[in-house]
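One structure below.
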Amino acid sequence: MAELSSIIGSEGTSEAGSASDPLAASAAFSPSTRRIYGFEQPLDRELLVSLVRSRSYVATLPDDERRTVLSRIGGLCEEHPQLTGRTRFPMPYRTLVYRATQLG
């Protein structure tokens, strides 16, 4: 994931455990509780490249930059020690959920 994030940029790739409570500064809500949910999507090289291609921040790149990013993603699948030789691999996702009660 770290290598993927370095290739495509950091938009939407923050570590789930490092996010701060978005409601903490508001007096309109009770103290919140936080929960992290995980999910894994099975992928192969083609699906990973398609997934990255569909991201707006990649899709809007100039053609030559987009081709470079997608080529690097394909290379990641072939060269990364945890992916080399694998036809399928899991893409981990983490979702942070905050719950609070509105006061007043």
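The values are calculated or read from the model by the stated rules, or taken from the named source; none is laboratory data. All of these numbers come straight from a predicted model, not from anything done at the bench. Don't worry about glycine lacking a Cβ; one is built from the backbone with ideal geometry, like all the others, and counts go over all protein chains shown. Note: areas computed on protein heavy atoms with side chains; ligands, DNA, RNA excluded. Shrake-Rupley method; radii C 1.70, N 1.55, O 1.52, S 1.80 Å.
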*For the chain, built as a Gaussian network whose Cα springs stay under 10 Å, the top-fluctuating residue of S71, S30, S54*: S30
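Let a ≥ b ≥ c be the square roots of the eigenvalues of the Cα gyration tensor of region 19-74; is it rounded (a/c under 1.5), or, if not, prolate (a/b larger than b/c) or oblate? All intermediate terms of the calculation are to be shown ahead of the outcome.
Working: a/c = 4.98, a/b = 2.14, b/c = 2.32.
Cα axes put region 19-74 in the oblate bin.
Could you sort F39, F89, F29 by accessible area so the largest value comes first, with the probe set to 1.4 Å? Kindly include the intermediate steps, with their values, before the conclusion.
Working: F39 120, F89 20, F29 70 Å².
Heavy-atom accessible area, descending, gives F39, F29, F89.
If exposed trypsin sites (Lys or Arg not before Pro) are those in a DSSP loop with at most 15 other Cβ within 10 Å, what is the longest stretch of the chain that has none?
Result for the longest clean stretch: 1-54.
Can you give me the accessible area per residue for the chain, using a 1.4 Å probe, in Å²? Before the final figure, lay out the partial values.
Details: 7370 Å² over 104 residues.
Ligands and nucleic acids excluded, the figure is 71 Å² per residue.
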_Relative contact order of the chain, please, whole-number percent, based on alpha carbon pairs below 8 angstrom and at least 6 residues apart._
46
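Using a 1.4 Å probe on the protein heavy atoms, what percent of the accessible area of the chain belongs to carbon and sulfur?
Details: 3750 of 7370 Å².
Carbon and sulfur together cover 51 percent of it.
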*Top mean-square fluctuation among T60, T33, T87, Gaussian network model of the chain, C-alpha springs under 10 Å?*
T33
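Given R₀ = 22 Å, FRET efficiency for Y93-T68 by Cβ-Cβ distance, to 0.05?
Details: r = 25 Å, r/R0 = 1.15.
Once the sixth-power term is evaluated, E becomes 0.30.
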